[in-house]
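**Student:** Quick one: this structure, given as structure tokens, is what I'll be asking you about.
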Amino acid sequence: MDIAFLGGPLPQRGVGVVAPFDFALDRELWRWVPDDVSLHLTRTPFVPVEVSLDMARIVSEHETLREAVRALHAVQPESLAYACTSGSFVGGVAGERAMSAAMSQASGVALPAVTTSGALLAALGEIGARRVAVVTPYTRSVTDSLEAFLREAGIAVTGRAYLGLTRQIWQVPYRDVVDMARSAVVGAADALFISCTNLPTYDVIPQLEAELRLPVLSANQVTMWAALRRIGAAAVGPYQALLDASARAGTGLVVGLPVEPFPAVEASALPEVALAGPPFGDAEVFDALDPPPPPEDPLVN
């Protein structure tokens, strides 16, 4: 059979992704990636620590990042991304910038490098959002650290909800994400941010934007959006305000407005929900979006 007519495979561009050892949503990242771009993922070394501020510090140590970036040399990515929200906000704004610089330097050719938290700030600037509601699967202390990072960057947190989890975050269903989102959006927010790259969000973003009438950003979404922009590519995600101009048009936000500092607000003064409550209306719609669980391994008892 003559297959010369195929003319492929098409040339591929690459984005190198460094993720924490417990990252389980590789497939979700790929959903934002166009067909002519490949993701090259590597993970930080395993440490027996639950999700916490300590874990965030361990998986974001500069030498750990450098080793991970060196592991990507052979596949020659064009940009680098650190896919971890807590690991990139735990050191504040200066810490996030230092992480990006360390990754770029470790590439040997000064590749552009982004982190999830840095990408979040860029995305908020892109849509002109200055006030955000925050949803996290974290404990209160880790959620407080995210709020402090945003406040330092001039972003006001208008409400928040968190689950208090320390492990297996990737197993949280869409229903719980929706419940938290509805609980967190209680003030005059310009956008909602769903934190943690291990929290599934792709399918729920357009549904929440339609219901809440404001842009919804998620950790994996902003990470891919920023990393792809660094190589001149566009993330794909239908009906997501960050990526789709028609979806953004109804939000009332203006693209590219500078973000100005807000007065500090004590965490205790913010509306928050510590745990997702009972299901809200139309929860079955979001249940139907959840990916099926992986089949059981017959070799495992």
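**Student:** Could you list all residues from region 50-84 that are part of a loop (DSSP other than H, G, I, E, B), open to solvent by 50 Å² or more (accessible area, probe 1.4 Å) and closer than 28 Å to Thr136 by Cα?
**Tutor:** Of region 50-84, the ones part of a loop (DSSP other than H, G, I, E, B) are 50-52, 59-61, 71-72, 76-78, 83-84.
Those left that are additionally open to solvent by 50 Å² or more (accessible area, probe 1.4 Å): 50, 61, 71, 76, 78.
The answer is Glu50, Glu61.
**Student:** Could you count how many residues in region 8-44 are farther than 23 Å from Gln76 by Cβ and open to solvent by 30 Å² or more (accessible area, probe 1.4 Å)? Walk me through it before giving the result.
**Tutor:** As a first pass, look at region 8-44 and keep what is farther than 23 Å from Gln76 by Cβ: 20-22, 24-25, 27-28, 31.
Filter once more, so that each one left must be open to solvent by 30 Å² or more (accessible area, probe 1.4 Å): 21-22, 24, 27, 31.
Summing the residues that are farther than 23 Å from Gln76 by Cβ and open to solvent by 30 Å² or more (accessible area, probe 1.4 Å) in region 8-44 gives 5.
**Student:** Moving on. Determine, yes or no, whether Phe46 is assigned to a loop (DSSP other than H, G, I, E, B) and touching a strand residue (DSSP E or B) at 6+ places or on another chain (Cβ under 8 Å).
**Tutor:** Working: assigned to a loop (DSSP other than H, G, I, E, B): yes; touching a strand residue (DSSP E or B) at 6+ places or on another chain (Cβ under 8 Å): no.
Taking the combined requirement at face value, the residue does not satisfy it.
**Student:** Also: Output the residue which, of all residues in region 180-195 that are touching a helix residue (DSSP H, G or I) at 6+ places or on another chain (Cβ under 8 Å) and either in a loop (DSSP other than H, G, I, E, B) or over 22 Å from Leu242 (Cβ atoms) (or both), is most open to solvent (accessible area, probe 1.4 Å).
**Tutor:** Only one residue tops the list, namely Val185.
**Student:** (1) assigned to a helix (DSSP H, G or I); (2) touching a residue at least 40 places away in the same chain (Cβ under 8 Å): which one isn't true of Leu165, the others all being true?
**Tutor:** (1)
**Student:** What's the total number of residues in region 168-204 that are free of Cβ contacts under 8 Å to residues at least 40 places away in the same chain and touching a Pro at 6+ places or on another chain (Cβ under 9 Å)? Reasoning before the result, please.
**Tutor:** We begin by selecting, within region 168-204, every residue free of Cβ contacts under 8 Å to residues at least 40 places away in the same chain; these are 168, 171-172.
After this cut, where a residue has to be touching a Pro at 6+ places or on another chain (Cβ under 9 Å) as well, the list is 171-172.
So the answer is 2.
**Student:** Moving on to the next point. Can Ala156 be described as farther than 15 Å from Ser117 by Cβ, touching a Lys or Arg at 6+ places or on another chain (Cβ under 9 Å) and of a type outside the set (S, T, N, Q)? Steps first, please.
**Tutor:** On the way: farther than 15 Å from Ser117 by Cβ: yes; touching a Lys or Arg at 6+ places or on another chain (Cβ under 9 Å): yes; of a type outside the set (S, T, N, Q): yes.
Yes: the conditions hold for Ala156.
**Student:** Additional query: Give the residue, chosen from Gly87, Gly95, that is part of a helix (DSSP H, G or I), out of contact with any Cys (no Cβ under 9 Å at 6 or more places or on another chain) and open to solvent by less than 10 Å² (accessible area, probe 1.4 Å). Let's see the steps before the verdict.
**Tutor:** Values: Gly95 fails: open to solvent by less than 10 Å² (accessible area, probe 1.4 Å).
The conditions single out Gly87.
**Student:** Could you tell me whether Val114 is part of a strand (DSSP E or B), at pLDDT 95 or above and crowded, with 17+ Cβ neighbours inside 10 Å? Spell out the reasoning first.
**Tutor:** Numbers: part of a strand (DSSP E or B): yes; at pLDDT 95 or above: yes; crowded, with 17+ Cβ neighbours inside 10 Å: yes.
Yes, satisfied.
**Student:** Oh, and also: Give me a count of the residues in region 131-161 that are open to solvent by less than 20 Å² (accessible area, probe 1.4 Å) and assigned to a strand (DSSP E or B).
**Tutor:** Filtering region 131-161 for residues open to solvent by less than 20 Å² (accessible area, probe 1.4 Å) gives 132-138, 142-143, 146-147, 149-150, 154-157, 159-161.
Among the residues that remain, those that are also assigned to a strand (DSSP E or B) are: 132-136, 156-157, 159-161.
Final tally of qualifying residues: 10.
**Student:** Any residue at all in region 205-222 that's closer than 23 Å to Ser88 by Cα, touching a Gly at 6+ places or on another chain (Cβ under 9 Å), open to solvent by 10 Å² or more (accessible area, probe 1.4 Å) and assigned to a loop (DSSP other than H, G, I, E, B)?
**Tutor:** No: region 205-222 contains no residue that is closer than 23 Å to Ser88 by Cα, touching a Gly at 6+ places or on another chain (Cβ under 9 Å), open to solvent by 10 Å² or more (accessible area, probe 1.4 Å) and assigned to a loop (DSSP other than H, G, I, E, B).
The values are calculated or read from the model by the stated rules, or taken from the named source; none is laboratory data. All figures in this text were calculated on a predicted structure; none of them were measured in a lab. Neighbour counts are summed over all protein chains in view; Cβ atoms, including those assigned to glycine, are modelled from backbone coordinates with ideal geometry. The accessibility values were calculated without ligands, DNA or RNA, using every heavy atom of the protein model including side chains. Shrake-Rupley method; radii C 1.70, N 1.55, O 1.52, S 1.80 Å.
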